[in-house]
1. Between segment 176-221 and segment 7-21, how many Å separate their Cα centres?
2. Based only on other Cβ atoms within 10 Å, what is the fewest-to-most ordering of 99, 145?
3. With an 8 Å cut-off on Cα pairs and a minimum separation of 6 or more residues, tell me the relative contact order of segment 23-133 in percent.
4. Going by how many other beta carbons lie within 10 Å of each one, how would you line up 121, 162, fewest first?
5. Among DSSP beta bridges whose residues both lie in the chain, state the antiparallel percentage, nearest 5.
6. If neighbour count is taken as other Cβ atoms inside 10 Å, put 228, 37 in order from fewest to most.
7. For residue 66 and residue 19, FRET efficiency with R0 = 30 Å and r from the beta-carbon atoms, rounded to 0.05?
8. Distance between Cα centroids, segment 23-61 to segment 80-109: provide it in whole Å.
Ligand code: GLN
C-alpha cells in the first residue's frame with residue numbers, strides 16, 4: 001500500500017516542529033510496510049492537489065499567512081476537487097484558520113480564507129494570545145481519548161460546529177470556549193502544534209486510515225508499540241494535572 005502526502009507551503013508554514021507530523025506519518029507507515037511519499041508544494045508551484053491522499057498544512061505567523069493566502073485561494077477549485085476525491089486533510093493553526101471564512105489580525109487586516117467551513121478567526125490585540133501547553137479530550141471516528149499539544153495563536157476561532165474535542169487544559173479555539181479544533185469525516189484542523197502527532201499516536205493512526213481510505217477503503221492498521229509515545233504524553237497530562 002502507498003500514501004501520497006502533499007505538504008503545502010513547507011517552506012513557510014512550519015511552526016513549532018509541524019514538520020515532525022510528516023515524519024511520524026512516514027515512520028508509522030513504514031513499520032506497516034506502507035510506503036508514505038511526502039511531496040511539497042509552495043507558492044507558484046504546479047501540483048495536482050486532488051491526486052494526493054493526504055493534504056497537510058502547518059501553522060504560520062501572520063506574516064507567512066499574508067504571503068501564502070493568495071496562492072492558496074488560487075487553488076480553491078483544485079482543493080475542492082481533492083475534497084470530492086476523498087483526500088484527507090490535516091491542518092494546523094494558521095492552516096486551520098485559512099480553511100474558514102477569514103483571519104483578521106491584530107491590526108484589523110483581513111486575510112481571506114478558502115471559506116470551505118463557516119468558522120472565522122479574529123485576533124483581539126497583541127497582548128492577548130493563547131499560548132502554552134494544551135490538553136484535550138478528542139472524539140474521532142467514535143473513539144474518545146486524550147491528546148496533548150502546544151498552542152500559540154492570537155486568533156479566536158468562532159462558529160465551529162463540529163470541534164475536535166473539549167479543552168481539559170489551555171484554550172483551544174478561543175480563550176474560553178472550552179472547545180478545540182474542527183473535525184469532519186475528512187478534515188482534522190487543530191491549534192495543537194508540538195508537533196501534534198509524536199505524542200498522540202492515536203490521532204496519527206486515524207490520519208493514516210483516513211489517507212488510506214481514498215484508495216483502499218477502511219483499513220485496519222497493525223498495532224505498534226507506543227510505550228514511549230504514551231510515556232511522553234503521560235508526562236504532560238500529569239504536569240497539567242488532567243490525569
Ligand atoms: N497567525 C495566527 C495567529 O496568531 C496563527 C499562528 C499559528 O499558526 N501558530 O492566530
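All of the numbers you see were taken from the coordinates with simple rules; none came from a lab. Keep in mind it's a predicted model, so treat the numbers as computed, not measured. Counting neighbours? That spans all protein chains shown, and the Cβs are built from the backbone with ideal geometry, glycine included.
1. Computed from Cα coordinates, the inter-centre distance equals 16 Å.
2. Details: 99 20, 145 16.
Going from sparsest to densest Cβ surroundings: 145, 99.
3. Details: 135 pairs, mean separation 23.6, N = 111.
Across segment 23-133, relative contact order equals 21 percent.
4. By the 10 Å Cβ count, ascending: 162, 121.
5. Values: 27 of 48 bridges.
That works out to approximately 55 percent antiparallel.
6. On the way: 228 11, 37 14.
Arranged by neighbour count, lowest to highest, 228, 37 become 228, 37.
7. Working: r = 21 Å, r/R0 = 0.71.
E between residue 19 and residue 66, to the nearest 0.05, is 0.90.
8. Distance between centres, Cα-based: 16 Å.
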